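A short worksheet on the structure shown next.
The values are calculated or read from the model by the stated rules, or taken from the named source; none is laboratory data. These numbers come from a predicted model, not from an experiment. All Cβ positions, even for glycine, are placed from backbone atoms using ideal geometry, and neighbour counts span all protein chains on display.
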């Protein structure tokens, strides 16, 4: 029983754990930015007045959100990187990092786009009409009037998407970038045996990342709410 | 410019050149024929009030003039130019046509000042300092200069609508469209908005106003257009219309709104 809650190994390997979580953070942070940008592009496509763009947006979002992330990551690292030799860098770890970021960003962007589209639907039609009536083009009114209000109304749901993304780093990590926290946990299990304390140590590490993120988005969505 | 008006019926009432010309305009919402062969000419500086029962096509007509509602037949000319289809040309034309909505539609995430300066800065490419100076003049003129830093939701309905008028005026439009500007307001706020509109009319702004405010029509309008079932039923001066309507349909409508 005493051994079951013996955290000595966790503390002995704290440096490795910290380094692996730092890799997770780098993965998640860059993915957050890229998936937001890409998701905004898809959402803009889906509300565009051009039928072709609307079609492309719908197709891409449905394709991405209905494909398992494991497959997407495996496709990136095996097919695109290993077989077709599309390399971001000659250094394998750097190449793996960017393919992991790519797979996760592309995947997450579909969910960002859907959250954002729900947000666009909360903006009253009159806002777009007023924007058009003062002579703003479609792109201008989307950028200056519609999207800023849409973003503010879906900060909460976007937070959930980003938390899911942080947890999904474990999947792309396992497939493409074997130095982030979940991969490190696997390595430590392999070296030291799978123990409950080690498991708890890593679980707490993820909570340290995701819980504050959740609180932050909750606070932000209250602060940024648009009064009507 | 050549005389665009075709018959005596669709001539403007003044000697000024025509600014907005609608010729055989038709519009359907599915099965519903909402605008039937509309011919209407509005001269420069003219104030036209459009009245009539709800569902008669007044708002649709007003909104079709800056193509918030596309039409499916006929032509609309503004200052001699045909209304463009979608795209950059249409945006440019809309900048010249001010619009005031029933539900104000101020940009909810921007302050009153930002609402007024946005169009001039992004569409007309006016510098920030100049846009703000002009915006403050306009806000003072409509009596809400002290509210410039607030957000729309912090203002009363009457103040919001006056801000919306200032936002439209900031683009220095050739013509202003008002789509039931006082219908969503509490009674005591109607006057403050109508006062601003009356001043505007007396300063020579070309205005097309969809409204039920008969007082405003008498005070400020040169022409009253009575619409029902998608058609222009009657077109005359306010005095003539309110005292001596020619058609039964108009007399019936007036008896319902004037006797209470």
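Here residue B:154 clears all of (1) touching a residue at least 24 places away in the same chain (Cβ under 8 Å); (2) assigned by TED's automatic domain parsing to the domain that holds residue B:123 except the condition numbered (1). Examine region B:73-89 for a residue that is within 14 Å of chain A (Cβ to nearest Cβ), over 24 Å from residue A:144 (Cα atoms) and assigned to a helix (DSSP H, G or I), and state whether such a residue exists. The answer is no, given that none of the residues of region B:73-89 is within 14 Å of chain A (Cβ to nearest Cβ), over 24 Å from residue A:144 (Cα atoms) and assigned to a helix (DSSP H, G or I).
As a summary of the residue check, residue B:131 satisfies the conditions (1) surrounded by fewer than 23 Cβ atoms within 10 Å (Cβ to Cβ); (2) within 13 Å of another protein chain (Cβ to nearest Cβ); (3) within 17 Å of the chain's Cα centre (by Cα) except for the one numbered (3). Filtering region B:219-257 to residues that are exposed (fewer than 14 other Cβ atoms within 10 Å of the Cβ), touching a helix residue (DSSP H, G or I) at 6+ places or on another chain (Cβ under 9 Å) and more than 20 Å from residue B:55 (Cβ to Cβ) leaves only B:239. Just one of the listed residues (A:58, A:137) is within 30 Å of residue B:68 (Cβ to Cβ), within 14 Å of chain B (Cβ to nearest Cβ) and surrounded by fewer than 21 Cβ atoms within 10 Å (Cβ to Cβ), namely A:137.
For region B:137-151, give me each residue that is part of a helix (DSSP H, G or I) and either in the same structural domain as residue B:201 (by TED's automatic domain parsing) or out of contact with any helix residue (DSSP H, G or I) (no Cβ under 6 Å at 6 or more places or on another chain) (or both).
Here is the first cut: in region B:137-151, the residues part of a helix (DSSP H, G or I) are B:137-141, B:145-147.
Once the filter is applied, which keeps residues that are part of a helix (DSSP H, G or I) and either in the same structural domain as residue B:201 (by TED's automatic domain parsing) or out of contact with any helix residue (DSSP H, G or I) (no Cβ under 6 Å at 6 or more places or on another chain) (or both), region B:137-151 yields B:137, B:140, B:141, B:146.
Flag set for residue B:216, criterion: crowded, with 22+ Cβ neighbours inside 10 Å and either part of a helix (DSSP H, G or I) or in contact with a strand residue (DSSP E or B) (Cβ under 6 Å, 6 or more places away or on another chain) (or both).
The lone criterion from (1) away from chain A (no Cβ under 12 Å); (2) touching a helix residue (DSSP H, G or I) at 6+ places or on another chain (Cβ under 7 Å); (3) assigned to a loop (DSSP other than H, G, I, E, B); (4) within 30 Å of residue A:122 (Cα to Cα) left unmet by residue B:105 is number (1). Exactly one residue out of A:179, A:101 is more than 14 Å from every other protein chain (Cβ to nearest Cβ), closer than 30 Å to residue A:82 by Cα, in a helix (DSSP H, G or I) and in contact (Cβ under 8 Å) with a residue 40 or more places away in the chain: that is A:101.
Would you confirm whether or not region A:198-207 contains a residue that is at negative phi, more than 14 Å from chain B (Cβ to nearest Cβ) and not in a helix (DSSP H, G or I)?
Taking region A:198-207 as the starting set, the residues that turn out to be at negative phi are A:198-207.
Applying the additional criterion that residues be more than 14 Å from chain B (Cβ to nearest Cβ) yields A:198-207.
The next check asks that each one be not in a helix (DSSP H, G or I); those that pass are none.
Scanning region A:198-207, I find no residue that is at negative phi, more than 14 Å from chain B (Cβ to nearest Cβ) and not in a helix (DSSP H, G or I), so the answer is no.
Suppose the filter is within 13 Å of another protein chain (Cβ to nearest Cβ) and either free of Cβ contacts under 8 Å to residues at least 12 places away in the same chain or under 22 Å from the mean Cα position of the chain (by Cα) (or both); does residue B:142 pass it? So residue B:142 fails the test.
Please go through region B:179-197 and give me each residue that is within 22 Å of residue A:133 (Cα to Cα) and either free of Cβ contacts under 8 Å to residues at least 24 places away in the same chain or not in a loop (DSSP other than H, G, I, E, B) (or both), ordered by number.
Step one: filter region B:179-197 for residues within 22 Å of residue A:133 (Cα to Cα), giving B:179-185, B:193-194, B:196-197.
Answer for region B:179-197, where residues must be within 22 Å of residue A:133 (Cα to Cα) and either free of Cβ contacts under 8 Å to residues at least 24 places away in the same chain or not in a loop (DSSP other than H, G, I, E, B) (or both): B:179, B:193, B:194, B:196, B:197.
Among the residues of region B:92-102, the ones that are more than 7 Å from chain A (Cβ to nearest Cβ) and crowded, with 23+ Cβ neighbours inside 10 Å come to 3 in all. Of the residues making up region A:105-134, those that are within 7 Å of another protein chain (Cβ to nearest Cβ) and either in contact (Cβ under 8 Å) with a residue 60 or more places away in the chain or in a helix (DSSP H, G or I) (or both) number 6. Among the conditions (1) more than 11 Å from chain A (Cβ to nearest Cβ); (2) over 24 Å from residue B:64 (Cβ atoms); (3) part of a helix (DSSP H, G or I); (4) in contact with a helix residue (DSSP H, G or I) (Cβ under 7 Å, 6 or more places away or on another chain), the only one that residue B:121 does not satisfy is (1).
Here residue B:45 meets each of (1) away from chain A (no Cβ under 14 Å); (2) within 16 Å of the chain's Cα centre (by Cα); (3) assigned to a strand (DSSP E or B) with one exception, condition (3).
Look at (1) within 14 Å of chain A (Cβ to nearest Cβ); (2) touching a helix residue (DSSP H, G or I) at 6+ places or on another chain (Cβ under 7 Å) and you find that residue B:154 fails only one, number (2).
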